[in-house]
Amino acid sequence: EKSKESSQILVNINTVRKGELVKLPLIGSVTAERIMRYRVDFGRFNTIEELKNVKGIGSKTPDKVKTHIILN
């Protein structure tokens, strides 16, 4: 059920809150908080690859979530 739900998610990584971030593949609550903290500290994400700058996000995560993320 979750995989079906996650395949239809589309979120703006620059504005979305924790409750929506955790619906993304490979993003748990701790990583969601780190993504939000990163936005506060460094500003908006300009590319999906910038997610790798967030502690706990590996090199494969951006590829797995890119179809669910918008940046504008």
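The values are calculated or read from the model by the stated rules, or taken from the named source; none is laboratory data. The model shown is predicted, which means the values in this text are computed figures rather than measured ones. A quick note on method: Cβ atoms are made from the backbone with ideal geometry, for glycine too, and the neighbour counts reach across all protein chains shown. The accessibility values were calculated without ligands, DNA or RNA, using every heavy atom of the protein model including side chains. Shrake-Rupley method; radii C 1.70, N 1.55, O 1.52, S 1.80 Å.
Can you find, within region 52-72, the residue that is nearest to residue 8 (Cα to Cα) among those that are open to solvent by less than 60 Å² (accessible area, probe 1.4 Å) and within 11 Å of the chain's Cα centre (by Cα)?
Kept after step one, since they are open to solvent by less than 60 Å² (accessible area, probe 1.4 Å), are these residues of region 52-72: 54, 57-58, 61-62, 65, 68-69, 71.
Then drop every residue that is not within 11 Å of the chain's Cα centre (by Cα), which leaves 54, 57, 61-62, 65, 68-69, 71.
Values: 54: 24, 57: 22, 61: 17, 62: 17, 65: 11, 68: 8, 69: 11, 71: 17 Å.
Ranking the qualifying residues of region 52-72, first place goes to 68.
Of these, 33, 20, 49, which one is assigned to a helix (DSSP H, G or I), in contact with a strand residue (DSSP E or B) (Cβ under 6 Å, 6 or more places away or on another chain) and open to solvent by 60 Å² or more (accessible area, probe 1.4 Å)? Please lay out each step first, then the result.
Values: 33 fails: in contact with a strand residue (DSSP E or B) (Cβ under 6 Å, 6 or more places away or on another chain); 49 fails: in contact with a strand residue (DSSP E or B) (Cβ under 6 Å, 6 or more places away or on another chain).
Answer to the check: 20.
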